[in-house]
Amino acid sequence: MKFSDQWLREWVDPEVPTAALAEALTLAGLEVAGVTPVASRFSGVEVGEIRAIETHPEDPGLRVCSVFDREGDAYTVVCGAPNARAGLRVAWARVGATLPGGRVIGRVAFGDVASAGMLCSAEELGLEDTSDGVMELPLDSPLGADVWHLLGLDDQAIEVDLTPNRGDCLGIAGIAREIGVLFRRPVTPPAVRPVAAVIPDVLEVRVLAPAACPSYVGRIVRGLDARAHTPLWVRERLRRAGVRCLGPIVDVTNYVMLEWGQPMHAFDLARLGAPIEVRHAREGERITLLDGQELALTGETLVIADRTRAVAVAGIMGGHDAGVGPNTTDVFLESAFFAPAAVAGKARVYRLQTDSSHRFERGVDFEIQDRAIERATALLIAICGGRPGPVVSKRAPEHLPARNAITLRASRMRRLLGVDVPAQEVAEVLSRLGMSVAAEPGASGLAASEAGAWRVQPPSFRFDLAIEADLIEELARVRGYERIPGRSPLGALKMSPRPEAVLDTARLRQVLCDRGYHEAITYSFVDPVNLGRLMPGVETLQLANPIASDMSVMRPSLWPGLLGALKRNQDRQVARVRLFEIGLVFRLADGKLDQCPKIGGVAWGPCVPEQWSEPRRAVDFFDVKNDVEALLALAGADGGAVEFQLHTDPALHPHQSALVLRAGREVGVIGALHPLTARALGLQTPVYVFELDLGPLCQRELPVYRPLSRFPLVRRDLSLVVARDTPAGAVLECIAGQASEVLQEARLFDLYCGEGLDAAEKSIAIGLIFQGISSTLIDEEVDAFVERVLIRLQETLGARQRGQRSSD
């Protein structure tokens, strides 16, 4: 919102410099983005009158003007402006005048005619970007008057960056109201009186979408003077607000918008066909806008239409077919309230941004439409003449925004602000902001308010006041945040329980970071194409309004994001990548959304960073398995409680993938990315991934005390031959099944396949560690246990000791 300081002070004068006024606005939450002069400085330019004019004797493109000053003396001034004519009062830069940019005017000869100065255009005075003639001043401008002071150019333009909730300040009325409250000064808006109808003409209006347009006011004005010009004072106020002048009819509607914050529109009555309808567009209906752009409308777009076609996109821009022009003499004025929800986002859909849409999206005062049309009518008649008809008003009160009363409590104020606000000040501030303030029912007078409660009715122009905290915020910003004392917060502290059996995710992060991983945070939205390569056939949650086509579904796994991050690193020649992420995945099951926290990781490249003491070796399945086991170990899961079972997954290598089970329950999956999948994703191989459920991982088993034995360890090594497809875990599980309190550990320490063994066999070596609890173990006890283990392995897995012949 940009406006003139002088214009604002006609409404309310705080009697402080502009800089102090701007600072007060900023501290009150209306941030002033800039304060700039409305014109570059010039001097020596005065009002002159052209009383005679003739063509230059040597150059037909020039005119020789007789310009009179205040003393009645005539001066010859040569001018090339097409609009120079006798009787015109102009901005005359006399010899010695200084124009913007430091240009000094001297006496210049045009052939045999010497020019005593220059007749200035608005462009030459720095008031407009372009102009095609001399600046025409009002005919009642005093001769000899200084143009700088005549135009009031000792003024500054203030630009305020408003937050979306303060649409009420998108007009001088709203800014003046704020200044009046902040400086406790009276606000005196211009008088707006009803303009009596002098003709009976009306245009029928039908509101077919009352929820989107609960208030619509219109009026016919006939007999406008097409030759009229917008007065200088109106043009200057528009210019200082950054609005171009487009002719008196459009200028008046823009002026009322800047003054009261109510966007208006004027239709050329001759180009309308009754009745006027406020309706939603027909799907694909077309309209050409005032800027020449042609749109194909959607059925959700609200339009103003006549009996044959749409003539405006409601709240955004008028149509070219019914727009006013230089020959317009009869108009239909429109002043409406369009619900913010009906306009919000529509301008963006059509790649438009207008002053009207900016205001309607934020909400305009829904009780100001009649006042705005009366103000516009009065200005239009004063400038162009004309005969107004009756005002046609269509209102649907049931669809207007509800303004429910809010209870404000002194105790709540004290709690949020940390300070007591006097009851009288509360009532005064809120009342000056346009609210209705009363004591709570059952109490009376100020004493009741001092006891602690007010009933506050928000005004029609404040859409951001809905709850008690909103009112408290208003009091805080108007009184000044600097008046709130700094106090240390007080609170009743209590120690929250931290169950020992619950593992903090920070510990999981630390373990992976210690093992060379970096934490990644990826989008929860993923590419459906890449997801289909990883998880074909999985049911996904589609986004209704994705930010991009490759981010249109919610992730059912952490892998798509991690593999995307891996690819970006590979593309940038990163030689070794270890990434992990903790986050939610989203899966649909029987039409219901399940959000599950997971921890996932990806590993690629050398096993260890390049160095002199270790040979270069690519990461393999067992390296990543070791990382997963380190996570499971945090949960107190020992080797007997964790199992890795062969698993088939379309995204993983068939011989290098496994389900992770804890106490027989599936908690995750680990494996090498399938080479074909990796190729489809553009990844270099081999790539290893894992994903675990976070819930079971964070439920850890508490350690149980067991006394240390004072007796020596005894070790027996078994070299077993088993079928090649027998998992080592099955062998260890079988040994654990022969549990004995003296068996401390069964340790796999060797694997052999090759010469001396059948192609379908492998040899594994397992070390059994024994230790007595109450006495030193003797060989007979250990040998007896080993014998039972061998028998059990033979019966269960067909295992035999190496060197022993197969029973076959």
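The values are calculated or read from the model by the stated rules, or taken from the named source; none is laboratory data. What you see is a predicted model, and the numbers here were worked out from it, not measured in a lab. Here Cβ is always computed from backbone atoms with ideal geometry, including for glycine, and neighbour counts include all displayed protein chains. Calculation scope for accessible area: heavy atoms of the full protein, side chains included, ligands and nucleic acids excluded. Shrake-Rupley method; radii C 1.70, N 1.55, O 1.52, S 1.80 Å.
With charges set only on the Cβ (+1 for Lys and Arg, -1 for Asp and Glu), what does the dipole of the stretch 22-70 come to about its Cα centre, in debye to the nearest 20? List each step's numbers first, then the result.
Numbers: 4 positive and 8 negative charges, 18 e Å.
Magnitude of the dipole: close to 80 debye.
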Return the equivalent ellipsoid semi-axes of the stretch 475-538 as a descending list in whole Å, where each equals the square root of 5 times an eigenvalue of the C-alpha gyration tensor. 45, 26, 14
Which translational diffusion coefficient, to the nearest whole µm²/s, is obtained for the stretch 305-423 from the Stokes-Einstein equation, given a Kirkwood hydrodynamic radius over C-alpha pairs, 10 °C and 1.306 mPa s? 88
How long is the stretch 589-638 along each principal axis, judged by its Cα atoms, biggest number first, in Å? 55, 26, 14
Counting only protein heavy atoms and leaving out ligands, DNA and RNA, the solvent-accessible surface of Asp13 at a 1.4 Å probe, in Å² to the nearest 10, equals 70
Cα-based Rg and Dmax for the stretch 603-740, in Å, come out at 18.2, 60
In µm²/s, what is D for the stretch 458-568 at 37 °C and 0.692 mPa s, where D = kT/(6 pi eta Rh) by Stokes-Einstein and Rh is the Kirkwood radius from Cα pairs? 163
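Based on the Cα gyration tensor of the chain, what are the three equivalent ellipsoid semi-axes, each the root of five times an eigenvalue, rounded to whole Å and given largest first?
On the way: eigenvalues 1401, 226, 161 Å².
That gives 84, 34, 28 Å for the three semi-axes.
How many percent of the accessible area of the chain is carbon or sulfur, using a 1.4 Å probe?
50
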Enter the accessible area of Tyr517 (Å², nearest 10), with the probe set to 1.4 Å and all protein chains included. 10
Roughly how many debye, to the nearest 20, is the charge dipole of the chain about its Cα centre, given +1 on each Lys and Arg Cβ, -1 on each Asp and Glu Cβ, and no other charges? 840
Using the charge dipole of the stretch 370-432 (Lys, Arg: +1 at Cβ; Asp, Glu: -1 at Cβ; taken about the Cα centre), state which of Ala372, Gln424, Val392 has its Cα farthest towards the positive end. Val392
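Ordered by packing density, taken as the mean number of other Cβ atoms within 10 Å over each peptide's residues, highest first, how do 229-236, 577-584 rank?
Values: 229-236: 17.5, 577-584: 19.9.
Output ranking for 229-236, 577-584: 577-584, 229-236.
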Projected area of the stretch 103-193, taken from the Cα convex hull and averaged over every viewing direction, in nm²? 11.1
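Hey, could you grab the Kirkwood Rh for the stretch 762-805? Inverse mean 1/r over distinct alpha carbon pairs, Å, one decimal.
Evaluated over the stretch 762-805, this radius sits at 12.1 Å.
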Projected onto the charge dipole of the stretch 621-695 (unit charges on the beta-carbon of Lys, Arg, Asp and Glu, signs +1, +1, -1, -1), the Cα from Ile670, Gln684, Leu694 with the largest positive-side position is that of Gln684
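Could you give the size of the charge dipole of the stretch 1-115 about its Cα centre, using +1 on the Cβ of each K and R and -1 on the Cβ of each D and E, expressed in debye and rounded to the nearest 20? Provide the component values of the computation, followed by the final result.
Values: 11 positive and 15 negative charges, 51 e Å.
Dipole about the Cα centre, nearest 20: 240 debye.
Kirkwood Rh, Cα Rg: Rg to Rh for the stretch 138-280?
Details: Rg = 18.9 Å, Rh = 18.7 Å.
Ratio of gyration radius to Kirkwood radius for the stretch 138-280: 1.01.
What translational D, rounded to a whole number of µm²/s, comes out for the stretch 603-683 from Stokes-Einstein when the hydrodynamic radius is the Kirkwood one over Cα pairs, at 37 °C and 0.692 mPa s?
Details: Rh = 14.1 Å.
It diffuses with D of about 233 µm²/s by this estimate.
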Using a 1.4 Å probe on heavy atoms of the protein chains only, the accessible area for His518 in Å², nearest 10, reads 120
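Measuring with a 1.4 Å probe in the full set of protein chains, what accessible area per residue, in whole Å², belongs to the chain? Don't skip to the answer; put the middle values down first.
On the way: 40290 Å² over 808 residues.
Per residue, the chain has an accessible area of 50 Å².
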How long, wide and thick is the stretch 1-121, going by the Cα atoms along their three principal axes, in whole angstroms, largest first? 64, 26, 25
Answer with one residue from Ala402, Pro164, Leu757: the one whose Cα lies farthest towards the positive end of the charge dipole of the chain, charges on Cβ with Lys, Arg +1 and Asp, Glu -1. Ala402
Could you grab the Rg to Rh ratio for the stretch 121-166? Cα atoms only, Kirkwood for Rh. 1.16
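Starting from the Cα coordinates of the stretch 719-808, work out the convex hull volume and express it per residue in Å³. Please report the intermediate quantities before stating the final value.
Details: hull volume 8.6 nm³, N = 90.
Normalising the Cα hull of the stretch 719-808 by residue number yields 96 Å³.
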